[in-house]
Each structure stands twice: as C-alpha cells, then as structure tokens.
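A quick write-up on the structure given underneath.
Where a number appears in this text, it was derived from the coordinates with a stated rule and is not lab data. Keep in mind the model is a prediction, meaning the values are calculated, not measured. A quick note on method: Cβ atoms are made from the backbone with ideal geometry, for glycine too, and the neighbour counts reach across all protein chains shown.
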Amino acid sequence: MRLTTIKLAGFKSFVDPTTLHLPTNMTGVVGPNGCGKSNIIDAIRWVMGESAASRLRGDALTDVIFSGSSGRKPVGSAQVELLFDNSDGLVGGEYAGYNEISVKRIVTRDGQSQYFLNGVRCRRRDITDLFLGTGLGPRSYSIIEQGMISEIVEADPEQLRGHLEEAAGISKYKERRKETESR
Ligand code: ATP
Ligand code: MG
C-alpha cells in the first residue's frame with residue numbers, strides 16, 4: 001500500500017484545489033518557512049480521523065478551514081482526499097480487491113465532518129478500522145513528528161507494546177476484543 005496522491009481544497013493555506021502527486025517511494029517537500037509543508041502532514045493526519053485540534057496545531061477543529069488572507073476571503077469548508085495504491089492488497093476486508101482506495105474528509109464551518117471511502121459516505125470508525133494494523137492512522141508511527149522520538153525513547157512498557165502490536169498487525173484484533181468485552 002502506498003500513498004500516491006493528496007488532494008486538498010480549503011484546507012489551511014491550500015485554499016485553491018491542489019493535487020500533490022507522490023510518484024515514488026521517497027518524496028521530499030521543500031520550501032520557505034510558512035509555505036505549508038507541515039500543513040500537508042496535518043492534512044494526512046486529519047483525513048485519517050484525527051479529532052484533536054491541538055494535534056493539528058489549532059484550537060478548534062474548524063481551524064483547518066482556510067481562514068482568509070490579505071487578498072482572499074475565508075471559505076466555508078475544507079476537504080482532503082488521499083489516494084492509496086492498494087495493488088498489494090494490504091488493506092483488506094471488503095476493500096482487499098480494490099487497486100486504489102480513496103479516503104476523503106470534509107468539514108464545514110458548523111464543525112460537521114463527513115468521511116468517504118471510495119466515494120461512499122462512511123463513519124470515521126470505518127476509516128480507522130480499515131487502516132488499523134497497517135501502521136497508518138492518525139496517531140500511528142507512520143508519521144513521526146518532532147518530539148516523537150523522545151516520546152518513544154521515554155515510553156513506558158505499555159506504550160512500547162502498543163507500537164509493537166500495531167507493527168505486528170494485531171492491534172486490530174485487540175481493539176475488537178476490547179469492544180466485544182465491553183458489550
Ligand atoms: P516551517 O518551515 O516553518 O515549518 P511550513 O512550511 O511547515 O513552515 P506550515 O506550518 O505548514 O509551514 O504553514 C503555516 C502557514 O499556514 C501560515 O502562513 C499560516 O498562516 C497558514 N495557515 C494555517 N492555517 C491556516 C488557515 N486555517 N487559513 C489560512 N492559512 C492558514
Ligand atoms: Mg513546518
């Protein structure tokens with residue numbers, strides 16, 4: 001599974017619809033301070049279901065919507081879509097047969113979020129479930145931020161075990177067991 005395309009519109013500084021292609025396994029994003037590099041990472045984490053504004057460097061969840069600039073008015077909604085090449089079938093379940101998986105999230109000024117999987121409206125849960133165990137998720141180790149290295153170095157055994165379980169692909173089953181037990 002590989003992230004191949006990121007489409008943004010109205011998200012943070014990306015007010016106009018923008019498509020970023022990631023053609024190879026290694027992509028560098030370069031640019032001056034404040035040009036929007038970190039906003040791209042925020043966008044990825046946001047589509048994957050991040051629900052804490054602070055993790056997206058904002059105070060409120062609607063802070064991800066373009067809030068205007070000297071020459072532009074604010075807009076009413078933000079949307080981000082990620083396209084994954086799934087020809088290796090890593091993302092399973094009912095999506096295992098899809099060579100391409102699209103994950104999309106839209107938020108409007110009233111704070112309402114909508115999620116879509118391959119164009120079909122779904123719950124946030126469906127997206128987090130789909131990627132659980134792949135290493136990709138709003139808070140998984142596939143995005144390593146500043147400060148996270150020391151977090152891992154200083155992690156207690158429980159937290160370290162969590163990372164290992166995600167890497168081994170068993171976090172999905174643990175999550176389901178927890179859910180069943182709580183019923
Ligand atoms: P650095 O090299 O300093 O890390 P960067 O390229 O990572 O910079 P970002 O943090 O991605 O920069 O982008 C910051 C810019 O995004 C700022 O100019 C900020 O005003 C703009 N920005 C963030 N949120 C919004 C928003 N909701 N509406 C409009 N602009 C926004
Ligand atoms: Mg940055």
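Taking other Cβ atoms within 10 Å as a rough exposure proxy, Arg121, Arg45 sort from fewest to most as Arg121, Arg45. Per-residue ellipticity at 222 nm computed for the chain from its helices equals -7500 deg cm²/dmol, with DSSP H segments shorter than 4 residues left out and the rest contributing -39,500 (n - 2.57). For Lys7, a cut-off of 16 angstrom between C-alpha atoms picks up these lysines, skipping any fewer than 8 places away in its own chain: Lys37, Lys104.
Charge dipole of the chain (Cα centre as origin; +1 on each Lys and Arg Cβ, -1 on each Asp and Glu Cβ, all else neutral): 520 debye, rounded to the nearest 20. Near Ile65, the amide H atoms lying under 5 Å from its own belong to Lys12; only residues 5 or more places off or on other chains count, and H is placed 1.01 Å from N.
When we measure straight from the Cα of Lys73, which lysines land under 18 angstrom away, once same-chain ones fewer than 8 places off are left out? Qualifying lysines at Cα under 18 Å: Lys12. Using every pair of separate Cα atoms, the Kirkwood estimate puts the hydrodynamic radius of the chain at 17.6 angstrom.
Would segment 1-41 count as rounded, prolate or oblate if I go by the C-alpha gyration tensor, calling it rounded below 1.5 in a/c and otherwise prolate when a/b exceeds b/c, oblate otherwise? Oblate. Note that segment 94-99 has calculated 3J(HN,Hα) couplings of 5, 9, 4, x, 8, 6 Hz, one per residue in order, obtained from phi through the Karplus relation 6.51 cos²θ - 1.76 cosθ + 1.60 (θ = phi - 60°); glycine and proline are x.
Could you tell me which of Ala168, Gly92, Cys122 has its Cα farthest along the dipole of segment 81-183 towards the positive end, charges placed at Cβ (Lys, Arg +1; Asp, Glu -1), taken about the Cα centre? The residue sitting most towards the positive pole is Cys122.
Stretching the chain fully between Val30 and Val120 yields a gain of 29.0 nm (0.36 nm per residue, less the alpha carbon separation). Cβ-Cβ distance of Glu181 and Ser70, R₀ of 45 Å, FRET efficiency by 1/(1 + (r/R0)^6): the value works out to about 0.25. To the nearest Å, what is the center-to-center distance of segment 121-183 and segment 61-84, using C-alpha atoms only? Centre-to-centre (Cα) distance: 28 Å.
Summing +1 for each Lys or Arg and -1 for each Asp or Glu among the other residues whose beta-carbon sits under 13 angstrom from that of Asn86 gives -3.
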